[in-house]
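Following: one structure in structure tokens, then a few remarks.
The values are calculated or read from the model by the stated rules, or taken from the named source; none is laboratory data. Note that the coordinates shown come from a computational prediction; the quantities given were computed from them, not determined experimentally. In this analysis, Cβ positions are derived from the backbone assuming ideal geometry, glycine residues included, and neighbour counts consider all displayed protein chains. Each accessible area value is taken on the protein alone, full model and side chains, heavy atoms only, with ligands, DNA and RNA left out. Shrake-Rupley method; radii C 1.70, N 1.55, O 1.52, S 1.80 Å.
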Amino acid sequence: MLQKIKDMLNEVENLEAHSAEEIEALRIKYLSKKGSIAALMNDFRTVPAEQKKEVGIKINELKTRAFDKINSLRAAFAQTDNDDSDIDITRTAYPTPLGTRHPLTIVKNEIVDIFSRLGFSLAEGPEVEDDWHVFGSMNFADDHPARDMQDTFFIEARPDIILRTHTSSVQSRVMEHTQPPIRVICPGRVYRNEAISARAHCFFHQVEGLYVDREVSFTDLKQVLLLFAREMFGENTQIRLRPSYFPFTEPSAEMDISCNICGGKGCSFCKHTGWVEILGCGMVDPAVLELNGIDPTIYKGYAFGMGVERITNLKYQVKDLRMFSENDMRFLNEFEAAN
Ligand code: DAH
């Protein structure tokens, strides 16, 4: 009997449980009315009188230890259980702050998107360029004022290597290795040596378009630009083309759109004219085709170039160009919804 009690005490000390159900099963096994300790108590009757005292003490000790053990298992389990209940799996997640696209990227993507729907594919070229691709191949005379130190950033010790002043250089990069039909849209950053102010910066962004094929007319150009203006600024937008001059197009034009801030009635943005200029364009000068290895007796083309900052200003009324490069989060976060 004493040995039996001792064994059971050992068993009880080493009990383990991993769930409330397991603890309850142990309680039933040892401490219930039909449990093993109750069975020992029953056997107690058969213990000889002279051993009763000693066995009685041992059984009581076993009972207390079993009680304590099961209670301590319960307490340990309740603690881990409590830890779990601190996690509310129904709670909404903390918001993760997402970045926003830069307003110029938003507008550039929109421009590229509109033209890609019209069949234009994307082309890009380097920002550090040579004089040939920026000026020579674009039919700039050697003494053209745009080559002047005033406008162009030169790379030290290499006067023929410059920062491109316009994305028209990509026209040349495409034409020199592609025969028509060519239909490309070329976004990119350009640099000009200007004093930085609210209205001018030493770098800004342009999107260039070029279309070269057998039968290309000024009417095609006009129609594509009208479609672009309406996609970008709304279906009531009007366009007007004014004669202009660029070395690489002939004839050349500048395009205005009806001011989308006042709807053409006249406001300070459009200087009370009802029109704002958004791009330069024209028929590719045959000399440019020739300079870039395309036969001008077979092919014709049109080209256009627009400033992304200008279009962004029109869409979002950003008054100061410097805002675009100051990384002020209050400004950038305003474009969260436009992403
Ligand atoms: N490259 C001109 C500029 O920077 C913009 C331009 C005008 C591009 C007419 C063209 C064009 O392709 O046809 O001001």
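Please state the shape class of region 103-338: rounded when a/c is under 1.5, otherwise prolate if a/b exceeds b/c and oblate if not, all from the C-alpha gyration tensor.
oblate
Using only Cα atoms, find the angle between the long axis of helix 49-85 and the longest principal axis of the chain, and express it within 0 to 90 degrees, rounded to the nearest 10.
10
Could you size up the charge dipole of region 1-101 around its Cα centre, putting +1 on the beta carbon of Lys and Arg and -1 on that of Asp and Glu, and report it in debye to the nearest 20?
Approximately 460 debye in magnitude.
For ASN14 and HIS177 in one chain, what is 0.36 nm times their gap in residues minus the Cα-Cα distance, to one decimal in nm?
Length difference between fully extended and current span is 50.4 nm.
Summarise the accessible area of region 8-113 (1.4 Å probe, protein heavy atoms) by the percent that is carbon and sulfur.
Here carbon and sulfur together make up 53 percent of the probe-accessible area.
Take every DSSP beta bridge with both residues inside region 103-338 and express the antiparallel ones as a percent of the total, to the nearest 5.
In region 103-338, approximately 95 percent of DSSP beta bridges are antiparallel ones.
Report the one residue of PRO243, MET306, GLN51 whose Cα lies farthest in the direction of the positive end of the charge dipole of the chain (charges on C-beta: Lys and Arg +1, Asp and Glu -1; origin at the Cα centre).
Checked the options; the winner is GLN51.
What whole number of Å gives the distance from the Cα centroid of region 28-100 to the Cα centroid of region 264-339?
Between the Cα centres of region 264-339 and region 28-100 lies a distance of 78 Å.
With respect to the cross-link table entries LYS6/LYS63; LYS108/LYS222; LYS271/LYS315; LYS6/LYS29; LYS4/LYS63; LYS271/LYS319, which display a Cα-Cα separation exceeding 19 Å?
Going by Cα-Cα distance, LYS108/LYS222 fall outside the 19 Å limit.
I need the calculated FRET efficiency for the pair GLU235 and PHE154, taking r as the beta carbon distance and R₀ as 56 Å, to the nearest 0.05.
Plugging the Cβ-Cβ distance into 1/(1 + (r/R0)^6) gives 0.80.
Please give the peptides 11-24, 309-322, 282-295 ranked by average Cβ packing (other Cβ atoms within 10 Å per residue), highest first, as a rough proxy for protection.
282-295, 309-322, 11-24
As a check on your grasp of the helix formula, calculate [θ] at 222 nm for the chain: sum -39500 (n - 2.57) over DSSP H runs of n ≥ 4, divide by the residue count, round to the nearest 500.
-12000 deg cm²/dmol
Would you please state which residues of region 82-123 a label at MET329 would reach in this model, taking the label point 7 Å out along Cα→Cβ and a backbone N cut-off of under 13 Å?
97-100
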